[in-house]
Amino acid sequence: MMLKNLLLAGGALLGGATTAAASGFQVNLGGQQNIGMGGVGVGLSLDQAAMFYNPGALAMVRANGVQVGANFALARGAYTSENGGAQRDLQHLLVTPFNLYAAFGKEGKYKFGVGVYTPYGSQLRYADNWEGRYSLTEINLQSVYVQPTFSYAFSPQFSVGVGVTMLAYGSVNLQKDLPLPTGPGHITLDGTTKFQVGINAGLYFKPSDKLSLGISYRSKIDAQVKGGSVSYSGLPTGASAATINRGFTATNFDATLPLPATASVGIGIMPTEKLTIGLDASLVFWSAYRTLDFNFSGNNGNAGTATAANTGLVGGSSTSTSKRYYQDALAFRLGGQYKATDQLILRLGSAYDFAAVKDGYVTPETPDADRYIATAGLTYQPNPHLGIDASFQFERFAKRSQSQADLLNNGTTDRVSGTYRTDIFIPGIGMRYSF
């Protein structure tokens with residue numbers, strides 16, 4: 001592969017990779033009680049995390065309260081080249097999605113509150129000198145949403161809610177090696193996103209004590225990086241420097257990554273006072289992610305006197321485009337909880353999540369695949385006001401392979417052929433105080 005094409009593969013870097021629980025790089029870890037039930041929540045009104053799953057259900061939450069939760073995602077991933085050779089393992093990094101909610105109001109009439117959560121993110125680091133190091137060596141993608149929310153109940157059976165989703169903080173750090181004639185170099189792209197706004201809205205209907213229904217929609221937000229930094233290491237310093245380094249003058253980059261919209265429907269069934277069952281279906285509109293485009297700027301003087309022609313170059317080009325062509329992806333979730341005693345509630349759940357990345361388009365930063373998910377959880381409630389929630393989620397990705405022929409057919413040779421295998425373990429803990 002020519003040097004320029006390999007450098008254009010840097011356009012793949014901002015693609016991100018999931019940490020847990022949803023296709024692409026989406027994260028569905030909105031509340032500890034919901035996680036223990038397979039991630040359901042659209043058709044239920046369990047607690048203040050309704051702001052994340054269905055703002056329309058918030059008005060039906062019985063008590064005012066505050067709650068906080070954290071998850072500890074540990075991915076075990078491996079890559080094997082199509083040409084054989086040693087298996088390359090991910091370095092084991094701990095990722096910590098979190099959630100925080102507070103809501104107040106009149107029970108069964110209205111509630112207002114605020115939620116803080118992390119709906120997208122990833123952190124991956126591949127082994128040194130792995131076969132795809134010219135596409136990616138490390139990625140760290142973070143996003144934090146803040147969501148003021150208002151929910152109103154028109155009757156004891158029907159309520160609506162809307163929240164303003166604000167991308168309050170986002171950051172990206174992307175790294176890969178450079179295949180220079182003098183030996184590998186290294187490039188790092190680092191930036192923070194601009195403040196952006198969307199909505200999260202929902203409807204909730206409870207026709208009887210034994211049945212509830214919900215629908216919700218969270219809109220797309222474009223995460224825009226303006227003026228992110230570009231830095232290099234390992235560029236030649238000897239006689240080759242004047243020839244090679246003149247193609248690496250960029251000091252900044254601009255890029256946009258879509259954080260896609262999600263539409264969900266859910267059903268809650270309460271056959272007895274002790275047993276609650278939830279079933280959700282979600283559609284994530286990943287097809288909005290067609291290409292990833294980079295625009296480079298700035299001049300570090302590697303090409304001598306700065307001119308328009310030698311400004312903003314990475315591998316000799318001031319732009320790059322990488323094909324993504326994601327597809328909309330469905331997920332189905334099922335879970336339940338059982339109140340064993342006044343102090344103890346037990347939970348189980350499962351989910352199946354379809355991949356957003358099509359065959360032949362898999363990248364190292366998103367080794368996406370269909371996922372099998374199993375969850376468990378419990379609540380210990382020492383008194384009527386305090387609840388301590390624990391959850392555990394396990395994800396197994398289906399084996400995902402792509403050949404060099406796939407990449408050639410799709411024009412996606414800016415990534416590597418081979419087979420990816422991924423498992424993710426996610427313990428979590430939370431605390432709630434109601435009043």
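The values are calculated or read from the model by the stated rules, or taken from the named source; none is laboratory data. These numbers come from a predicted model, not from an experiment. Glycine also receives a Cβ, built like all others from the backbone with ideal geometry; neighbour counts cover every protein chain displayed. These accessible areas exclude ligands, DNA and RNA; they are computed on the full protein's heavy atoms, side chains included. Shrake-Rupley method; radii C 1.70, N 1.55, O 1.52, S 1.80 Å.
The residue that is farthest from the chain's Cα centre (by Cα), among those in the stretch 387-429 that are aromatic (Phe, Trp, Tyr) and open to solvent by 30 Å² or more (accessible area, probe 1.4 Å), is Phe392. For the stretch 278-297, the candidate set comprises residues that are open to solvent by 20 Å² or more (accessible area, probe 1.4 Å) and in a loop (DSSP other than H, G, I, E, B); within that set, the residue that is farthest from Asn200 (Cα to Cα) is Arg290.
Take Val40 and decide whether it is at pLDDT 95 or above and open to solvent by 10 Å² or more (accessible area, probe 1.4 Å). Here the answer is no, as Val40 does not meet what is asked.
Annotation note: of Leu313, Leu346, Leu275, the sole residue that is of a type in the set (A, V, I, L, M) and open to solvent by 60 Å² or more (accessible area, probe 1.4 Å) is Leu346. All conditions but one from (1) open to solvent by 60 Å² or more (accessible area, probe 1.4 Å); (2) touching a strand residue (DSSP E or B) at 6+ places or on another chain (Cβ under 9 Å) apply to Asp368; the one that does not is (1). Taken together, the residues in the stretch 216-260 that are open to solvent by 10 Å² or more (accessible area, probe 1.4 Å), under 27 Å from Ala201 (Cα atoms) and either of a type in the set (D, E, K, R) or not in a strand (DSSP E or B) (or both) amount to 4.
Residues in the stretch 78-105 that are more than 22 Å from the chain's Cα centre (by Cα) and under 17 Å from Met51 (Cβ atoms) were compared, and the one that is surrounded by the most Cβ atoms within 10 Å (Cβ to Cβ) is Ala103. Only residues that are farther than 20 Å from Glu365 by Cβ and in contact with a Leu (Cβ under 8 Å, 6 or more places away or on another chain) were counted across the stretch 106-143, and they come to 5. Yes or no: Val144 in contact with a Pro (Cβ under 8 Å, 6 or more places away or on another chain) and either touching a residue at least 60 places away in the same chain (Cβ under 8 Å) or in a strand (DSSP E or B) (or both)? No.
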